[in-house]
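As structure tokens, the structure follows; a few thoughts come after it.
Only the coordinates and a few stated rules stand behind these numbers; no lab work does. Everything numeric in this text was worked out from a predicted model, so none of it was measured. With ideal geometry, Cβ positions are generated from the backbone for all residues, glycine too; neighbour counts draw on all protein chains shown.
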Amino acid sequence: MNTFPVSVIPFLSDMLPVLREYSSMPPADFAMKIKSDTIPIPVADAARLLDCYQRASQKFPTLHREGMLYTRKAIEQSTGEAVMTFKKRLFKGDTAIDLTGGLGMDSIFLADAFENVIYVEKDGIVCKTASHNHKLLGYDNIRHYESDAEEWLKQKKNTVIDLIYIDPSRRDSNKRFFRLRDCEPDVRLLYPLLDTRTRLLVVKVSPLYDIQQLTREIPAIRDIYVISVNGEVKEVLSVSEPQETDADEEPTVHAVALDKQGNETEKVSVKLNESPPADTAIEPMGFLYEPDATIIKAGLTRKYAVKLGINKLNQGSDYLTSDKLIPDFCGKKFLITAVIPFKPRIIKQFLKEQQIEKVMIHKRDFPQTVDVLYKKFGLSMGNQAHLFFTKHGDGGLIMLVAEGV
């Protein structure tokens, strides 16, 4: 039985100087270079540990410490430090349960917000790894239990906890589109146990998860947070009040954009299915805007347009346009230099006259793929210009030529 990384614990003091010396070396090169008789653990385990340290130092820049232990899968599935920093501002109370403990990084943000945290994890090796890391970081308010989530809940019949946190994992990690029934534990099946044992239920799901589907699978959702870091959506978080929330009340959806330190750079909120009207531009104006991925994922582009007092380019895409530059716009900004109707002969002539050959092609609400457009116009990737293929406000196909601001 492979007990990595717990098997490394007795040898950590000898391994840390080695990890320090080769901290920037690719793990594959390290495995080829290091001699097995110079280290106290198998070379393969040492290479895995080095790989984990390199990844952890990027994902947990201030939390990572020498002596901590990881597995690559656990790092990939864990919440990053920027999102942890944001989430600990959302909640507070006496006791919280991390019902799908894993590496234990979510237990850390809970331990910063609650007096007591209960960590539950059915994999004994993973549980011991998390316990080791929590102790190293000085968290003495986390208690660890090696147990299945459902079995643990059944044992706590008369217990009501302030918050239960669940991060279900996909049974098939290669499946792009999935539902909670494809995950372990299945929150839908656990719900009869959950709704009588917690005041607040928080469920973390993948950035790919469909928000409308989430509301059909989890009752009494109060809030849904779509969280991005530096323009990339990292997770979707549902917050329910099983014992309080009116089941007929629409949840509030929050698009939250964070920087690498976990500071909010933008937040847009609206009731689910509430779609404030946003004007559509008669013509593309001087600037083109593409909102941050969190705003698009949360379906809040119209709300953001109204907030900023700018127009949608068309009703079918998430492009916005304005005649004014918005320096602190949450997303990407472009200066439009030309608007051309989508007529291949005219576009080819324009590109030839302007000697444009290397471009970045973008498209929204347009029938042809990016690959087809590159091929159709004989273009390759480069930075001469940004070409946006989309629709005019009246529905006609157009190409916008732009440069980044």
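If you take every residue apart from Gly299 with its C-beta less than 11 Å away from the C-beta of Gly299, what net charge results, scoring Lys and Arg +1 and Asp and Glu -1? Residues close to Gly299 contribute a combined charge of 0. Expressed to the nearest 5 percent, the antiparallel share of DSSP beta bridges inside the chain is 60 percent. Helices of the chain meeting both criteria, an alpha-carbon length of 30 angstrom or more along the long axis and an average Kyte-Doolittle score not below 1.0, with helices taken as full DSSP H segments, do not occur. Estimated from helices alone, the mean residue ellipticity of the chain at 222 nm is -8500 deg cm²/dmol (sum of -39500 (n - 2.57) over DSSP H runs with n ≥ 4, per residue). A simple count of charges around Leu103, restricted to other residues whose Cβ falls under 13 Å of its Cβ and scoring Lys, Arg +1 and Asp, Glu -1, yields -2.
Count Lys and Arg as plus one, Asp and Glu as minus one, and take only other residues whose Cβ is under 10 Å from that of Arg72; the net charge is then +1. For the listed residue pairs Lys343/Lys363; Lys303/Lys333; Lys333/Lys376; Lys312/Lys343; Lys343/Lys391; Lys88/Lys128, the alpha carbons are over 20 angstrom apart in Lys333/Lys376; Lys312/Lys343; Lys88/Lys128. Of the options (i) 70, 61, 34; (ii) 61, 59, 37; (iii) 88, 45, 42, only one is Cα extents along the principal axes in Å as computed from these coordinates, and that is (i).
Listed from fewest to most Cβ neighbours within 10 Å, the set Phe60, Phe350 follows the order Phe350, Phe60.
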